[in-house]
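Notes follow once the structure below has been shown.
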Amino acid sequence: MTTEQGEMRKRSWVKKWELSPEPATFASSNKWSNSDMDVTPPEKRTWGMVTWVLYWVSDALNVASYELASSMLAVGLSWRQALPAIAVGHIIIAFAITGKYIVVESASSVSEWDHYSANGAVGATLHVPFPVLNRSSFGFYFAYFSVVSRVILAMFWFGIQTYTGSECVYQMLKAIWPSTARIPNHLPESANITTTGLMCYFLFWLIQFPCLLISPQKVRWLFIAKAVIVPPAFLAMMGWAFATTGGGEIFAQKRTLSGSKLGWAWLAALNSTLGNFSTLAVNIPDFTRYSPSVKAQNVQLIVIPIAFTFCAFVGIACTSAGYVHYGAYYWDPLRLIDNWDNRAASFFASFAFALATICTNISANSISAANDFTALLPRWINIRRGQILCALIGGWVILPWEILATAIGFLQFMAGYTVFLGPIAGIMISDYYLVKRGAVDVPALYKPRGRYRYHGGVNWRAALALVVSVPPNIPGLINAINPKIDVHGGIYPYNIAWLLGFTLAAAVYTLTSKVWPAQEAIIPAAVHDEKQRSEGSDSREGSVKEKAHKTMVTEV
């Protein structure tokens, strides 16, 4: 074989791995987009109202939500104060995720529906993923800051959730074969994981892996399975708790705080709740893009607070019952299950938590990371390949058991990442809702030299909003990472980190965009395809301008 033939074969092999955009793509080449990154075509918009209910039931019922009230009660709140904090926090997140409808009545007496809304409704309106939508507010290249930071965060939590799933597998195996608990350990103590633990981790990773290969349009069937299996398991555990103890110790506890300390503790509990799923307040367009209409995803506003608050209440009830039975507060449900002597109950409860963990890992971490990988290398990576990368890097490169055992400070930093997520959500929502008022040029989102290039690919207004909104929360984050560092009053802003960051970023971004508007990014009406853009430019001084004149906005 000649050198030339070898090079041709190599190029041919590489070419086979390249991806192609949709035929109707707005990108100039596969360097900027592929079929998973393009606008979702109508035939793939399959997430109706029932799917959204199942999706949030899937996300809510997991170990992290079950344990949510633990830190709140530990600082002195009663369960009656912790549950409202959890409910209010998820109502706020639900509004940030879902959005709302607004009627626009033009001067010509023509009424039309427009979707001036939060991130979820934006995705259901424009049908583009988060990495693409983010270019509208951050600029074509500055948007990669959000993408890179989010892909790291998603892979990190993917690994942590996979480790949680491995504990479920351990309880399942122990329920079937009690001798599992007596398998000798052949790993050194410095490994921070036992032979049995590593075996269970590999088994869970292996079980989870095929589920990652299901396309986002079809993964709803996995959510249906979880909605059928997991809620009855949670209800059964709650029934056990009340039937055997009548409630237990926690429900009799009184608050130990009062005055300003009580107020700040409650706000810290609220912020902890907001941080629980603040990532999805930013990247929910990755999922709502598959919704056929904005109305189909509005049910999230009701389901989110109910599902998450219910899960937290079950956690409180079962932990309280565990104290009565075993003399210790087992906030981790798997440690509680470890004390059960009913092997069948242990197996089925652990199986329910394992399924819950798989679904949460897919919906909250794997698909999000895959969309980010797709945006970073669209020529080579689609959602399926991105999920495989997430499984390999998040599962085996990050080594979650090492982090959980030795890097608590890093764990606190990742948990405190809400100091960035709040501002990012505030910038994106204010950009669409207050600055551009729903008028986004979708084709331009795929063009590096389009109207959303701003200054060298960076929208300085978004950068300034981040610079203003993030620093007030840094002292509190430092204290959370290392409590030995006294930051005095700097801890208080961190207790409201998400709300403070969201509000400051939204205010600064809106103000600078109004005072120094990016004229090239402001258009009179939304543009969804190239033909519409061409027609709009021809009549910019005519009918479009008249239609947008003297609009009256009323909420429905």
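Structural remarks
- Rounded percent of accessible protein surface that carbon and sulfur make up, the chain, 1.4 Å probe: 64 percent
- Under 5 Å, built H, 5+ apart or other chain: amide partners of Asp441: Val527
- The helix-only estimate of mean residue ellipticity at 222 nm for the chain, built from DSSP H runs of length n ≥ 4 each weighted as -39500 (n - 2.57), is -18500 deg cm²/dmol after division by the residue total.
- The range 278-358 pair-distance distribution - Cα-Cα, 10 Å bins, rounded %: 15, 34, 26, 18, 7, 0
- Using alpha carbons only: equivalent-ellipsoid semi-axes of the range 150-276, gyration tensor based, whole Å: 32, 23, 21
- 5 angstrom amide H check on Gly139, placed H, neighbours 5+ away: Asn459
- Packing-based order for 137-144, 278-285, 45-52, using average beta carbon neighbours within 10 Å, highest first: 278-285, 137-144, 45-52
- Kirkwood analysis of the Cα pair distances in the range 204-305 returns a hydrodynamic radius of 18.2 Å.
- Heavy-atom surface of the chain, accessible at 1.4 Å and reported per residue (Å²): 42 Å²
- Charging the Cβ of each Asp and Glu at -1 and of each Lys and Arg at +1, and nothing else, the dipole of the chain about its Cα centre rounds to 480 debye.
- Over 23 Å (Cα to Cα) - which of Lys295/Lys436; Lys44/Lys295; Lys174/Lys218 fall in this group: Lys174/Lys218
- Cα pair distances in the range 192-255, grouped into 5 Å bins until the bin that holds the longest one, percent each: 3, 13, 11, 12, 13, 14, 15, 12, 7, 1
- Using the empirical formula 2.2 N^0.38 Å as the baseline, the Cα radius of gyration of the range 342-458 reaches a ratio of 1.46.
- Helix 343-360 axis, angle to the chain major axis (alpha carbon atoms, nearest 10°): 20 degrees
- Normalised per residue, the volume of the convex hull around the Cα set of the range 440-537 (Å³): 125 Å³
- Rounded tilt (10° steps) of 367-376 against the dominant C-alpha axis of the chain: 40 degrees
- Taking max minus min of the alpha-carbon positions on each principal axis, the range 140-213 gives extents of 57, 30, 14 Å, largest first.
- For the chain, the longest principal axis of the Cα atoms and the long axis of helix 49-60 meet at an angle of about 50 degrees.
- Solvent-free Debye scattering, log10 I(q)/I(0), computed from the Cα coordinates of the chain at q = 0.09 Å⁻¹: -0.71
- Bridge type composition, the chain - antiparallel percent by DSSP, nearest 5: 90 percent
- The range 24-104: radius of gyration and largest Cα-Cα distance (Dmax), Å: 19.7, 58
- Its residue count N fixes a reference of 2.2 N^0.38 Å for the range 239-281, and the Cα radius of gyration divided by that reference is 1.67.
The values are calculated or read from the model by the stated rules, or taken from the named source; none is laboratory data. This one's a predicted model, so the numbers in the text were calculated from it and none came from an experiment. Positions of Cβ are backbone-derived with ideal geometry, glycine not excepted, and every protein chain shown enters the neighbour counts. The accessibility values were calculated without ligands, DNA or RNA, using every heavy atom of the protein model including side chains. Shrake-Rupley method; radii C 1.70, N 1.55, O 1.52, S 1.80 Å.
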